[in-house]
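Here's the structure we're looking at; comments come further down.
The values are calculated or read from the model by the stated rules, or taken from the named source; none is laboratory data. For clarity, every value in this text was computed on a predicted model and none was experimentally measured. Using ideal geometry, Cβ is built from the backbone for each residue, glycine included, and neighbour counts are taken over all protein chains shown. For the accessible areas, the whole protein counts, side chains as well, though only heavy atoms, and no ligand, DNA or RNA atoms are used. Shrake-Rupley method; radii C 1.70, N 1.55, O 1.52, S 1.80 Å.
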Amino acid sequence: MIPPAYVRLDLDAVRHNLEQVKRYAPDNKIMAVIKANAYGHGMDRVAAALERADGFAVARVDEGARLRQAGFEQPITVLQGFVCADELQQLLKYRLTAVIHAPQQIAILQQQPAAGAKLAVWLKLDTGMNRLGFKANDFAAAYQALLACAAVEQPINLITHFANADDLLDDKTRRQIDLFNDAVKDYPGQRSIANSAGIIGWPSVRLGAGQDRASDWVRPGLMLYGCSPFAGKTGADFGLKPVMSLHSRLIAVKDIAAGESVGYSGTWTCRSATRLGVASIGYGDGYHRATRSGAPVLVNGRRVPLVGRVSMDMITVNLNELPDAQPGDPVTLWGDGLPVEEIAHHADTIPYTLLCGITQRVQVMSGEGS
């Protein structure tokens, strides 16, 4: 029996994509980004599939603690660091590495007893993202404060984050690289700057230790899940394989007369007699409500257009090109033959949103090459 809504996860594709990262960045260590439940794919299962990664990155302390509790021993970096002494204690308890990006974090560390465990850190330079991190004028003072802090493991590692690396024509990325290299050139410690777009599109940030480099560690996220970080491209353009596919089934097939409208608010009207299919999936499952009429859906492996508004539990499709389709037939919303990047375009969003948006009622089927 086909479930009403389910995702299929190809864990072999995760491993393949990690190998592609290594081909792009052969001289770097790989910090696999598995925050937000591994972009909706399941953090524990993805971490297990990425056993050959050199380390992991998560957003929050509780995500790192969960990985440790599950038995993962790789270095784990918490990208948001900590905001209070209690979170610092969790970082120390679970041997997590913290990104230091604000003065109050340093103040908390300075209150930590010198005889206790030491915290491994990445000191973050804000090179233009303007979210977290110290500006260049304050970076040296922050570095010296951490250097004098008995609770901090030495050497201090150095990190920044790209703002526009997905735009290969924007010179801001080059300016960020230059600013980072200039600010950290006299410091020891590991460096990290390259996200997925940086790994693929900006070769100079992949140079390894012992070279005139910006990164010892690269931080792939989206590309591990088989998606392109660049608009107008798919993961396949860069040798990547999609990990997640989203599926449903037809639950009804009916004929609609010309001039009748379909769905809430009547946003789509039949220009001629239409064979209509109803699939058991909607925004309650994570299929984006903003997906427009005309977006492709696969029924029995063939493309048909979405029509009408996406509702909570159902979508409707035009089956005029598939007159033999019947209730129970398989439906694919994205996956093999239908890249998630293409569906994101039809929903005026990005692949991250779709992958992270799968809800709890969707069944998960995972395996080796499944």
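Below, the figures for the structure above:
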{"read-out": "Hits in the stretch 137-178 (condition: over 28 Å from the mean Cα position of the chain (by Cα) and of a type in the set (Asp, Glu))", "value": "138, 153"}
{"read-out": "Checklist (1) outside any loop (DSSP other than H, G, I, E, B); (2) open to solvent by 30 Å² or more (accessible area, probe 1.4 Å) applied to residue 276, failing item", "value": "(2)"}
{"read-out": "Residue check, residue 112 crowded, with 19+ Cβ neighbours inside 10 Å and at pLDDT below 95", "value": "yes"}
{"read-out": "Out of 262, 307, 340, 362, sole residue that is open to solvent by less than 30 Å² (accessible area, probe 1.4 Å), touching a residue at least 40 places away in the same chain (Cβ under 8 Å), closer than 24 Å to residue 230 by Cβ and of a type in the set (A, V, I, L, M, F, W, C)", "value": "340"}
{"read-out": "Test for residue 197: is it open to solvent by less than 10 Å² (accessible area, probe 1.4 Å) and in contact with an Asp or Glu (Cβ under 6 Å, 6 or more places away or on another chain)", "value": "yes"}
{"read-out": "Selection count where residues are surrounded by fewer than 17 Cβ atoms within 10 Å (Cβ to Cβ) and farther than 20 Å from residue 352 by Cβ, scope the stretch 211-238", "value": "2"}
{"read-out": "Helices (runs of 4 or more DSSP H) contained entirely in the stretch 1-117, each with at least 1 residues that are over 17 Å from residue 366 (Cα atoms), out of contact with any helix residue (DSSP H, G or I) (no Cβ under 8 Å at 6 or more places or on another chain) and free of Cβ contacts under 8 Å to residues at least 60 places away in the same chain", "value": "11-24, 61-69, 85-93, 103-110"}
{"read-out": "The stretch 76-109, residues that are closer than 22 Å to residue 29 by Cβ and open to solvent by 70 Å² or more (accessible area, probe 1.4 Å)", "value": "80, 95"}
{"read-out": "Hits in the stretch 202-230 - residues which are small (Gly, Ala, Ser) and at pLDDT 95 or above", "value": "221, 226, 228"}
{"read-out": "Residue count for the stretch 132-162, restricted to those that are open to solvent by less than 70 Å² (accessible area, probe 1.4 Å), touching an Asp or Glu at 6+ places or on another chain (Cβ under 9 Å) and either on the phi > 0 side of the Ramachandran plot or in a loop (DSSP other than H, G, I, E, B) (or both)", "value": "4"}
{"read-out": "Subset of the stretch 231-249 that is in a loop (DSSP other than H, G, I, E, B) and hydrophobic (A, V, I, L, M, F, W, C) - its residue that is modelled with the lowest pLDDT", "value": "231"}
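Conditions tested, residue by residue: (1) in contact with a helix residue (DSSP H, G or I) (Cβ under 6 Å, 6 or more places away or on another chain); (2) within 25 Å of residue 223 (Cα to Cα); (3) of a type in the set (D, E, K, R); (4) at pLDDT below 95.
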site: 251; (1), (2), (3), (4): no, no, no, no
site: 263; (1), (2), (3), (4): no, no, no, yes
site: 287; (1), (2), (3), (4): no, yes, no, no
site: 292; (1), (2), (3), (4): yes, no, yes, no
site: 297; (1), (2), (3), (4): no, yes, no, no
site: 305; (1), (2), (3), (4): no, no, no, no
site: 317; (1), (2), (3), (4): no, no, no, no
